[in-house]
Amino acid sequence: MSNHSSPDITAPVNILDTTDNSDTHHQQQLILVIVAGSLGFVVVVLTVLCCRMRKAAAMASVDLNALDPPVQVGLAMETVLARYQLAGKLRGKKLVGNGTHCAVFRAHYNEVDVALKTPLACILKRADCAETMHVFMDEICLCARLQHPHIVTFVGVVYKSVRDVTLVTEFMELGNLATVLAANETNTKFKWLSAKKAPVTKLTWAIGIAEALAYMHGLQLTHRGLKAKNVLLSTTFCPKLGDMGLTRDKEVELSLSNTHSRTAGNIAPELLAHATDYSFAADMYAFGALLCELDTCKPPFSNLEGGAGGGLDNKQIALLVGQGKMQPKFSYSCPDPILDLATQCMDFRPTKRPNAVKIVQELKLIKASLT
């Protein structure tokens, strides 16, 4: 009996054990499926993140071979362009003039006159167009950063593609200071001190420009292209610095090779002689040369330039300036305090030139003592 009773007792137990094992097996399979699915999801997420990181890294770096001609902006620049993108429409676009790299237009934005600056179409077809666009993008960032009453006001950008970017600033009705001075050479409307027949004096211009330069130097920025042509005038003859981006260190090379350029008179001798890094002192030399432009109403050394009548070409002038053998000449009527200050600014030794803050102080003292 006992032998027959054992199977009767154990059989149900075995059946129950098999059922439990089956349930456990199914649970284990379910757990494995869940774990595998989770791992697969994690792998997919990590893969997507890695791809995005690689894409961001690629965008952050400049890819000079992505386009033909090769131009690409980085992720940081795209952020800047998106931030300052103008929402309204530009109307009445008219060409004002063409420069070496860019064209300037006049247009209306929200019933206000604005200036549009965009790279020339021919520049975008050149082999070095990527470099030009990078410098132009840097200028946009710089203009967006600067806020000063004597610096052209940044309005925004119009960004359609890496080949179609426009810098929008306030429009300066009276054009550049060099043009106004050239007209003044014959009628002598503007003088250093007297403002009886003119809305402003040359001294007032000099103070405004020096204040803008002091502001930039306070931000650890150099202008690199300071001359009358790059100073713009509002309807009230208020001077404002413009053209922040396209001259820079390239101008040193151009001044030595291009005999038709008039830039040598505004470049510090240490740059012409050694092509050293640009400095605050180099800006101060350029300011001294600008005082000469204000005084004579002509670019420095323009009376020495060659042509049909002979004279010196720009390369010869650059070499002499670089050796400390030549400086811009002032008129006999230039006030002595102005001449003394300009001479300090154009000292052959960069460390001896005064800084922009001191120049502002000195010019204001001159104005107070002579008016």
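Read-outs throughout are calculated quantities, based only on the coordinates presented, and are distinct from any laboratory measurement. Quantities reported herein were computed from a predicted structural model and do not represent experimental measurements. Backbone-built Cβ (ideal geometry, glycine too); neighbour counts: all protein chains shown.
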Exercise. Among the residues of the range 111-131, how many are touching a residue at least 40 places away in the same chain (Cβ under 8 Å) and touching a strand residue (DSSP E or B) at 6+ places or on another chain (Cβ under 6 Å)?
Worked result: 6
Problem set entry | Every residue from the range 315-354 that is over 19 Å from Trp192 (Cα atoms) and either touching a His at 6+ places or on another chain (Cβ under 7 Å) or of a type in the set (Val, Ile, Thr) (or both) | Ile317, Val321, Thr351
Seminar exercise, completed: Picked from the range 84-105 (must be in contact (Cβ under 8 Å) with a residue 60 or more places away in the chain and closer than 20 Å to Tyr159 by Cβ), the residue surrounded by the fewest Cβ atoms within 10 Å (Cβ to Cβ) is Gln85
